[in-house]
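A quick write-up on the structure given underneath.
The values are calculated or read from the model by the stated rules, or taken from the named source; none is laboratory data. Bear in mind that the values here come from a model prediction, so they are computed numbers and not experimental data. No Cβ is skipped: glycine too gets one built from the backbone with ideal geometry, and neighbour counts run over all protein chains shown. These accessible areas exclude ligands, DNA and RNA; they are computed on the full protein's heavy atoms, side chains included. Shrake-Rupley method; radii C 1.70, N 1.55, O 1.52, S 1.80 Å.
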Amino acid sequence: MAFPYMEAVVGFMILVYFFETYLDLRQLAALKLPTLPKTLVGVISQEKFEKSRAYSLDKSHFNFVHEFVTILLDSAILFYGILPWFWKKSGSFVVLAGFNEENEILHTLAFLAGVMIWSQITDLPFSLYSTFVIEARHGFNKQTIWLFFRDLFKGICLAILLGPPIVSAIILIVQKGGPYLAIYLWAFMFVLSLVMMTLYPVLIAPLFNKFTPLPEGELREKIEKLASSLKFPLKKLFVVDGSTRSSHSNAYMYGFFKNKRIVLYDTLIQQCKDDEEIVAVIAHELGHWKLNHTMYSFIAVQILTFLQFGGYTLVRNSTDLFRSFGFDTQPVLIGLIIFQHTVIPLQHLVSFGLNLVSRSFEFQADAFAKKLGYGSALRGGLVKLQEENLSSMNTDPWYSAYHYSHPPLVERLAAIDESDKKAD
């Protein structure tokens with residue numbers, strides 16, 4: 001008797017849902033606390049705390065509904081054989097269009113087109129509610145319904161433009177890869193990631209946002225001086241018009257080798273009146289670069305990608321696995337989808353481990369900025385970002401350990417203050 005892979009996958013998906021719902025309930029209880037954590041008393045105003053609490057509770061209630069609908073749909077699609085049914089229907093569509101159903105690339109593209117349409121239909125109500133109800137209610141949403149759908153249309157066009165050649169290449173590699181399939185797949189994805197990281201900020205990101213050079217002035221001079229002191233090869237310093245869509249703020253850097261760029265959200269500049277706080281946030285980001293966090297993360301992703309492809313090559317020819325999910329044939333894309341579902345337990349463990357590493361990196365980057373003399377400014381900058389983004393002030397330790405890639409503000413401030421005490 002064949003092992004019931006599909007039933008096991010659905011069962012584990014439901015177990016994960018119950019576990020994550022338990023964590024959500026713990027977090028909900030923390031969000032309902034009427035007082036600030038002791039560390040934030042006198043740091044965060046009561047008015048900001050009340051706004052943050054209301055915003056977090058709204059998002060939490062929305063998340064309960066979204067996650068319930070998601071697990072319901074995902075479980076039904078697997079349990080009732082909708083996936084193999086949809087694969088057969090996409091093959092019929094290929095024939096109807098006058099092409100050969102046996103052409104796996106065309107069959108797969110037709111299948112993905114249907115999946116994309118289904119995803120847009122099921123996700124759209126949640127996206128609209130999140131953006132135009134929750135975000136708008138709390139003063140964050142700045143985009144019009146026209147801009148929302150224009151971005152959606154651009155995203156679909158990019159998927160139509162970039163998806164087919166990538167999918168076709170993956171199918172051909174799997175069909176002709178032989179014993180070195182895992183190496184070929186990893187090499188292709190490695191090159192693709194480098195190409196996309198190069199093209200995204202230059203060709204794709206400008207389709208959605210406007211990037212302008214940071215004007216000459218004291219802020220620019222301070223950031224350039226900081227970058228120079230660390231030998232950071234800063235080539236361009238941009239401001240992005242994040243305020244056209246949201247009043248949330250952020251800053252990030254990107255680029256390869258000697259061609260680095262820093263991007264500041266215009267909302268960050270508007271919210272942090274003190275230039276030193278913005279420079280301190282940049283010092284934190286440069287800490288990630290100086291301490292090689294970005295390189296370590298990239299290497300970790302490459303290793304995990306290779307291991308995933310290695311695992312896929314071991315199960316791709318398992319007829320029992322495909323039959324358990326209702327498939328008589330063994331299409332490449334379906335094999336990848338099934339494999340991703342079967343390694344869900346490992347994915348959750350790996351994700352948890354990566355979060356722990358990421359949180360450690362954040363503490364290290366904070367300490368790096370503090371050593372540069374930005375301790376007080378960083379503290380003020382973190383508080384300002386927390387206030388303006390209405391981030392959760394009270395967090396459940398289990399929930400944050402499982403979900404957060406960044407430590408809560410309370411922990412980051414405590415770490416900064418602790419280093420002060422040690423210095424004293």
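Remarks
- Per-pair calculated FRET efficiency, R0 = 30 Å: Arg323 and Ile121 via Cβ, rounded to 0.05: 0.55
- Placing a label point 7 Å from the Cα of Ala300 along the Cα-to-Cβ direction, the residues of region 333-370 with a backbone N closer than 11 Å are 350-362.
- The charge dipole of region 167-319, taken about the Cα centre with unit charges on the Cβ atoms of Lys, Arg (+1) and Asp, Glu (-1), comes to about 660 debye, rounded to the nearest 20.
- Relative to the longest principal axis of the Cα atoms of the chain, helix 375-388 runs at roughly 60 degrees.
- When the Cα positions of Phe309, Tyr80, Val263 are compared along the charge dipole of the chain, Val263 comes out farthest toward the positive end, with charges on each C-beta of Lys, Arg, Asp and Glu.
- Selection of chymotrypsin sites (Phe, Trp or Tyr not before Pro), region 161-194, meeting DSSP coil and at most 14 other Cβ within 10 Å: none
- Stretchable slack from Ser358 to His403, in nm (0.36 nm times residue separation minus alpha-carbon distance): 15.1 nm
- Share of carbon and sulfur in the accessible heavy-atom surface of the chain [1.4 Å probe, %]: 66 percent
- Share of pairwise Cα separations in region 1-149, more than 24 Å, in percent: 57 percent
- For region 196-231 versus region 141-171, the spacing of their alpha-carbon centroids is 24 Å.
- The alpha-carbon of Lys51 sits under 16 angstrom from the alpha-carbons of these aspartates and glutamates, leaving out residues fewer than 8 places away in its chain: Glu135, Glu387, Glu388.
- Solvent-accessible heavy-atom area per residue, rounded to whole Å², over the chain at 1.4 Å: 54 Å²
- When nucleic acids and ligands are ignored and a 1.4 Å probe is applied, Ser45 ends up with an accessible area of around 50 Å².
- Per-residue surface analysis assigns Phe306 an accessible area of about 80 Å², computed on protein heavy atoms at 1.4 Å probe radius.
- Once both labels are positioned 7 Å from their Cα atoms along Cα-to-Cβ, the gap between Thr198 and Ser228 label points is 3.0 nm.
- Crossing angle, helix 181-199 versus the chain [Cα axis fit, 0-90 degrees, rounded to tens]: 40 degrees
- Measuring with a 1.4 angstrom probe and ignoring ligands and nucleic acids, Leu349 comes out at about 120 Å² accessible.
- Cut-off of 10 Å, at most 10 other beta carbons, DSSP loop: longest stretch of the chain lacking such trypsin sites (Lys or Arg not before Pro): 1-230
- The chain: antiparallel DSSP beta bridges as a percent of all, rounded to 5: 55 percent
- The slack in the chain from Lys210 to Glu47, taken as 0.36 nm per residue of separation less the alpha-carbon distance, amounts to 55.4 nm.
- Between Leu172 and Trp146, the FRET efficiency estimated from the beta carbon spacing at R0 = 35 angstrom works out to 0.30.
- Against the chain, whose longest principal axis is taken from its Cα atoms, helix 82-96 shows a tilt of about 70°.
- Which of Ile282, Ile71 is most accessible, then next, and so on - probe 1.4 Å: Ile71, Ile282
- Candidate lysines for bridging to Lys210, where Cα separation is under 26 Å - those fewer than 8 sequence places away on the same chain excluded: Lys142, Lys154, Lys222, Lys225, Lys235, Lys236, Lys258, Lys260, Lys273, Lys384
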